[in-house]
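*Asks:* A single structure is presented below for examination.
The values are calculated or read from the model by the stated rules, or taken from the named source; none is laboratory data. Just so it is clear, the structure is predicted and the values come from calculations on it, not from any experiment. Please note: Cβ atoms are built from the backbone with ideal geometry, for glycine as well, and neighbour counts cover all protein chains shown.
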Amino acid sequence: MPKIVDHDRRRAEIARVTMRVIQKMGLEKTTIRTIAREGGFTSGVLSHYFRDKDDIISFAFQWVADRDFAEIESAAAGLSPGLPRLRVSLDRMLLDPEAPEGVAVSLSFWSAAVGNPRLVVAYQENYSRWRSYVKRYLREALREGQVPGSVVIDDAVDLLVSAVDGLCVAMILDPSRFPKRRRRALIERLLVGVTESASTAVSRPVNLSA
């Protein structure tokens with residue numbers, strides 16, 4: 001009797017292996033052969049599911065993004081509307097530098113997107129998706145009276161998303177400065193700075209010690 005293969009599960013497995021290889025070797029040195037060796041696959045298995053390396057990379061990129069967004073939705077569903085949901089969304093997108101899908105992998109994708117229209121489109125779509133989550137939770141916070149009505153939503157969204165990207169870069173270049181506790185404290189300070197009036201922000205200092 002032929003073996004039944006769960007194709008979606010196999011693609012997800014290949015995506016996880018691809019991320020591990022990129023974490024270890026960088027994107028340029030990641031090849032179909034290194035992915036196959038890391039995962040114990042044959043090259044024929046990979047060619048059955050994907051046309052080439054670019055196809056694998058694009059799928060792996062989207063697989064991670066979809067998983068991250070699903071985790072944000074799951075975490076937010078159990079929290080009160082507004083700032084608690086916004087906080088967890090930013091914390092989730094501030095990637096763990098030690099994870100296989102962490103900051104180093106994200107930087108590799110950012111670099112690869114230059115001159116790669118397919119990845120550029122994927123980035124644009126996923127950034128739009130992420131901004132929609134941040135915007136939704138900010139609007140909830142406004143309705144709940146958690147932030148002042150003077151907050152300009154679109155500006156706040158762009159500032160928060162850009163700041164998290166900047167922290168991701170800083171973490172990969174100088175990881176010892178950003179243990180988990182300090183990363184979360186910085187997210188809290190960022191929320192205070194972007195969403196509250198200056199007088200309120202001054203009255204609520206945040207401890208940034210590691």
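*Asks:* Filter segment 106-122 down to the residues that are without any contact (Cβ under 8 Å) to a residue 24 or more places away in the chain and buried (at least 17 other Cβ atoms within 10 Å of the Cβ) and list them by number.
*Replies:* Keep residues of segment 106-122 that are without any contact (Cβ under 8 Å) to a residue 24 or more places away in the chain, which gives 110, 113-115, 117, 120-121.
Within segment 106-122, A113 is the sole residue that qualifies.
*Asks:* Then there's this: Quick test of your reading of the structure: S150 fulfils all but one of (1) surrounded by 14 or more Cβ atoms within 10 Å (Cβ to Cβ); (2) farther than 22 Å from A75 by Cα; (3) polar (S, T, N, Q). Name the failing condition by number.
*Replies:* (1)
*Asks:* Still on this structure, please answer the following. Just the residues that are of a type in the set (G, A, S) and either over 20 Å from L107 (Cα atoms) or surrounded by fewer than 13 Cβ atoms within 10 Å (Cβ to Cβ) (or both), please, taken from segment 13-49. Steps first, please.
*Replies:* Residues of segment 13-49 that are of a type in the set (G, A, S), as a first pass: 15, 26, 36, 39-40, 43-44, 47.
If the condition is that a residue be of a type in the set (G, A, S) and either over 20 Å from L107 (Cα atoms) or surrounded by fewer than 13 Cβ atoms within 10 Å (Cβ to Cβ) (or both), then A36, G39, G40, S43, G44, S47 are the ones that fit.
*Asks:* Name the residue, out of S176, S111, S106, that is closer than 17 Å to F69 by Cα and of a type in the set (S, T, N, Q).
*Replies:* Numbers: S176 fails: closer than 17 Å to F69 by Cα; S111 fails: closer than 17 Å to F69 by Cα.
Every option except S106 fails the conditions.
*Asks:* Which helices (runs of 4 or more DSSP H) does segment 82-149 wholly contain that include 1 or more residues that are modelled with pLDDT of 85 or more? Before the answer, list the steps.
*Replies:* Numbers: elements: 83-93, 103-113, 117-143.
Output list reads 83-93, 117-143.
*Asks:* Let me ask something additional. Starting from residues that are of a type in the set (K, R) and closer than 21 Å to Y123 by Cβ, keep the ones in segment 17-60 and report whichever is farthest from the chain's Cα centre (by Cα).
*Replies:* Here is the first cut: in segment 17-60, the ones of a type in the set (K, R) are 20, 24, 29, 33, 37, 51, 53.
In the following step, the residues that additionally are closer than 21 Å to Y123 by Cβ were identified as 51, 53.
Values: R51: 26, K53: 22 Å.
The qualifying residue farthest from the chain's Cα centre (by Cα) is R51.
*Asks:* Among (1) without any contact (Cβ under 8 Å) to a residue 60 or more places away in the chain; (2) under 25 Å from T195 (Cβ atoms); (3) touching a Ser or Thr at 6+ places or on another chain (Cβ under 6 Å), which single condition is V21 missing?
*Replies:* All conditions pass for V21, except number (2).
*Asks:* What is the number of the single condition among (1) without any contact (Cβ under 8 Å) to a residue 24 or more places away in the chain; (2) over 21 Å from E125 (Cα atoms); (3) surrounded by fewer than 19 Cβ atoms within 10 Å (Cβ to Cβ) that D66 does not meet?
*Replies:* The number of the failed condition is (2).
*Asks:* For segment 123-145, how many residues are touching a residue at least 12 places away in the same chain (Cβ under 8 Å) and of a type in the set (G, A, S)?
*Replies:* 1
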